[in-house]
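The values are calculated or read from the model by the stated rules, or taken from the named source; none is laboratory data. All figures in this text were calculated on a predicted structure; none of them were measured in a lab. Here Cβ is always computed from backbone atoms with ideal geometry, including for glycine, and neighbour counts include all displayed protein chains. Just the protein is used for accessible areas: all its heavy atoms, side chains included, with ligands, DNA and RNA removed. Shrake-Rupley method; radii C 1.70, N 1.55, O 1.52, S 1.80 Å.
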Amino acid sequence: MRRELLLLAVLGVVAAMPVAAEAPAGATACAGCHAPAGRDLPVPTLSGRTPESIVADMQAFRSGSRPATVMDRIAKGFSDGETRAIANWLASKDHASAKP
Amino acid sequence: MRQPSRRTVLQGVAASGAVAALGAPPAIGQAQSRVVVIGGGFAGASCARALKQEDHNLAVTLVEPQTLYTACPFSNEVIAGLREIEAQQFTYDGVRRDGIEVVHQAATGVDHAARRVRLADGAEIEYARLVVAPGVDLRFDAIPGYSETAVEAMPHAWKAGGQTVLLRRQLAEMADGGTVVISSPPNPFRCPPGPYERASLIAHYLKLSKPKSKLIILDAKDQFSKQRLFQAAWQELYPGLIEWVSLSMGGRVTEVDPSTKTLITEFGNHEADVANVIPPQRAGAIAAMAGVADQTGWCPIDPVTFESKLQPGIHVIGDAAIGGAMPKSAFTANAQAKVCAAAVISLLRDRKPAEPKLINTCYSLVAPDYGISIAGVYRPKDGLLAEVEGAGGTSPLSAPASVRAAEAVYADSWFRTITGEVFA
Ligand SMILES: Cc1cc2nc3c(=O)[nH]c(=O)nc-3n(C[C@H](O)[C@H](O)[C@H](O)COP(=O)(O)OP(=O)(O)OC[C@H]3O[C@@H](n4cnc5c(N)ncnc54)[C@H](O)[C@@H]3O)c2cc1C
């Protein structure tokens, strides 16, 4: 009973959150490796980053100017326009899930 | 807005239980749109959560017979004694906390006309759209002698759980100087680099604990995933320990004898001390029952929406789907699930689903501190998922130990991230 009420309360909070815009092509796959903030894992979180800095990193991975184990191979799969859309969406998601 | 929906779900559960007991199964949920997901693995559980996250007013039901999910990625470490099986196990509490109704039953059929899923206990659930994500079934009709009872003597360990622990125990009990034989299936199958990662980690165990032993891979293929990287690493780390027998060298297993642990090929017999038979596979049985599997045993899908090419209104994701260039992996299953969820929501709102792009990355451990990977970026092309050219590929063939060590660390990070997203 108490858990039920708690659940409803939690869901109430979720319902009050603004909904992020539809994800652009490729964007949801980044979360396979990049966790939300607060987990302190070896692969850095993308949460809290500005779109500009994500785009700059992706360009550096793509050109090879920034060495990488895997991001070079992934960044090459996205055009400038796609990368920017992903970066904007990732940043907008931060905003949508910010604690009230 | 959303409180009535929650109540409907709870009533649905209560009604289902009560009336099923009377033997007259009703449909769960009526007026409100409900998406039913069959299978709570990397594909199905990810999809259920993504659906609910995108639209919390949508009623989502996840149908999964097991209360504890045992993940396959990293289960090869369990076999090699590097990790405990408990680290592979996840409950559905997190999924339930999202407001998803989790029904611990097997789906046993689909009524297309009435849009209802039948469950083993006789209950039925009505759906607006259905997602089928049952993973693979092992084919016990493919290798004479390899039946459901043979798995005790010759474990497959290709579905994680008791089989994983059994194979580990057999290796632990083997005397030094023994022969381990792994039989690797033809394409397509779950986790293309998996048999070779397993061979590597078993070799690691043998090298440390039973150095006079050897390992033979009997392969139904002439090529395998990350082959050059694996073979270079075997040369470096386990020289002379692993023998790979390709299809053209007589590697295809045509019959087995569980009573003597013998694997028979066209070129001769191999008597094993530990035999790991990874048989050919097909989509989980419910896919055929739902009419979404074709004569190959797998499910053709539209690469934009993952909607079945055989049954409108039903989507197929994960290992069961024909993924085109995308390999059958947990990473793929999770990526497809999120794209499918977005498409299902668009379709329910009469909107055109957006063209997706997907990523896959499969990490493999050749040793605990030696990781390698293969990555790809995919998009729909000519009705299939095709690789984006110029992207993806494997880790470099030559790289310093520090890079291999970094990839082993990132592999573990990936597992923790993805299982967090799917189950936490
Ligand atoms: C040894 C090994 C190592 C691997 N390593 C990796 C790795 O490093 N990285 C990686 O990305 N992938 C890896 N994989 C592959 C990965 O495990 C699979 O690709 C992934 O599990 C596929 O997800 P799925 O949801 O399609 O299927 P599953 O995870 O198998 O889930 C299917 C679920 O559906 C349920 N189900 C089946 N039938 C029904 C029914 N009728 N009604 C209701 N529920 C049903 C099952 O109980 C199961 O829980 C590995 C696999 C193996 C065997």
(request) Set the Förster radius R0 to 45 Å, insert the Cβ-Cβ distance between B:Leu237 and A:Ser92 as r into 1/(1 + (r/R0)^6), and round the FRET efficiency to 0.05. (result) 0.50
(message) Using amide H atoms built in the peptide plane, which far-off residues or other-chain residues are under 5 Å from B:Arg139 H to H?
(response) B:Gln281, B:Arg282
(request) Please list the non-local residues whose amide H lies under 5 Å from the amide H of B:His315, H modeled 1.01 Å from N, same-chain partners needing a gap of 5 or more. (result) B:Leu130, B:Val131, B:Val132, B:Ser308
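Pairs of Cα atoms under 8 Å, at least six residues apart: use those to get the relative contact order of the stretch B:156-223, whole percent.
43 percent
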(request) Only bridges with both residues in chain B count here: give the DSSP antiparallel percent, nearest 5. (result) 55 percent
(request) For peptide A:30-40, compute the average count of partner chain beta-carbon atoms within 10 Å of each residue's beta-carbon. (result) 5
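Given the pairs B:Lys159/B:Lys352; B:Lys309/B:Lys352; B:Lys210/B:Lys261; B:Lys212/B:Lys328; A:Lys76/B:Lys52, which span a C-alpha to C-alpha distance of over 27 angstrom in this model? Kindly include the intermediate steps, with their values, before the conclusion.
On the way: B:Lys159/B:Lys352 37 Å; B:Lys309/B:Lys352 17 Å; B:Lys210/B:Lys261 20 Å; B:Lys212/B:Lys328 35 Å; A:Lys76/B:Lys52 31 Å.
Over 27 Å Cα-Cα: B:Lys159/B:Lys352; B:Lys212/B:Lys328; A:Lys76/B:Lys52.
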(request) Out of all DSSP beta bridges with both ends in the stretch B:269-408, state the antiparallel percent to the nearest 5. (result) 95 percent
(message) Let me spell out the model: positive unit charges on the Cβ of Lys and Arg, negative unit charges on the Cβ of Asp and Glu, origin at the Cα centre of chain B. What dipole size does that give, in debye rounded to 20?
(response) 980 debye
(request) Starting with the highest mean, order B:287-298, B:186-197, B:328-339, A:61-72 by the number of other Cβ atoms within 10 Å, averaged over the residues of each peptide. (result) B:328-339, B:186-197, B:287-298, A:61-72
(message) Once you order the gyration tensor axes a ≥ b ≥ c over the Cα atoms, which shape class does chain B get: rounded for a/c under 1.5, otherwise prolate or oblate by comparing a/b with b/c?
(response) prolate
(request) Based on a Kirkwood Rh over C-alpha pairs, give the Stokes-Einstein translational diffusion coefficient of the stretch B:338-424 at 20 °C and viscosity 1.002 mPa s in µm²/s. (result) 140 µm²/s
(request) Please find the FRET efficiency linking B:Lys207 to B:Glu148, where r is the Cβ-Cβ separation and R0 is fixed at 35 Å, and quote it to the nearest 0.05. (result) 0.55
(message) Quick check: from the Cα gyration tensor, does the protein assembly as shown come out rounded (a/c under 1.5), prolate or oblate?
(response) oblate
(request) Quick one: what are the phi-derived ³J(HN,Hα) couplings along the stretch B:69-75, Karplus 6.51/-1.76/1.60 with θ = phi - 60°, whole Hz, x for glycine and proline? (result) 8, 10, 7, 6, x, 6, 5
(request) Could you work out the mean count of beta carbons from other protein chains within 10 Å of each residue's beta carbon in B:356-369? (result) 3
(request) Tabulate in residue order the Karplus-calculated ³J(HN,Hα) for the stretch B:300-310, using 6.51 cos²θ - 1.76 cosθ + 1.60 with θ = phi - 60°, rounded to whole Hz; enter x for Gly and Pro. (result) x, 9, 7, x, 8, 10, 6, 6, 4, 7, 9
(message) Below 13 angstrom from the Cβ of A:Ala75, what's the summed charge of the other residues (Lys, Arg +1; Asp, Glu -1)?
(response) +2
(message) Please compute, for peptide B:407-419, the average count of beta-carbon atoms on other protein chains lying within 10 Å of each residue's beta-carbon.
(response) 4
(request) Provide the buried accessible surface between chains A and B in square angstrom, both chains summed, 1.4 Å probe, rounded to the nearest 100. (result) 3000 Å²
(request) Can you check what the net charge comes to around B:Asp319, using other residues whose Cβ is under 9 Å from the Cβ of B:Asp319 (Lys, Arg +1; Asp, Glu -1)? (result) +2
(message) Looking only at the protein assembly as shown, where both bridge partners belong to it, what percent of the DSSP beta bridges are antiparallel (to the nearest 5)?
(response) 55 percent
(request) Pop a pseudo-label 7 angstrom from the Cα along the beta-carbon direction at both B:Ser398 and B:Asp294 and give the gap in nm to one decimal. (result) 4.4 nm
(request) Indicate the gyration tensor shape class of the stretch A:22-97 (rounded, prolate or oblate), computed on the Cα atoms with a ≥ b ≥ c the square roots of the eigenvalues: a/c under 1.5 is rounded; otherwise a/b larger than b/c is prolate and the rest oblate. (result) oblate
(request) Determine ³J(HN,Hα), in whole Hz, for all residues of the stretch B:378-384 in sequence, where each value follows from phi through the Karplus function 6.51 cos²θ - 1.76 cosθ + 1.60 and θ = phi - 60°; x replaces Gly and Pro. (result) 10, 8, x, 7, 6, x, 10
(message) Helix-only mean residue ellipticity at 222 nm, chain B, DSSP H runs n ≥ 4 weighted -39,500 (n - 2.57), per residue, nearest 500. What is it?
(response) -9500 deg cm²/dmol
(request) Between the alpha-carbon centers of the stretch B:72-119 and the stretch B:351-424, tell me the distance in whole angstrom. (result) 23 Å
(request) Mind telling me which of B:Pro368, B:Pro300, B:Pro279 comes out most flexible in a GNM of chain B, alpha-carbon contacts under 10 Å? (result) B:Pro368
(message) Sorting check: for B:127-139, B:209-221, A:34-46, which peptide has the highest mean count of neighbouring beta carbons within 10 Å, and how do the rest follow?
(response) B:127-139, B:209-221, A:34-46
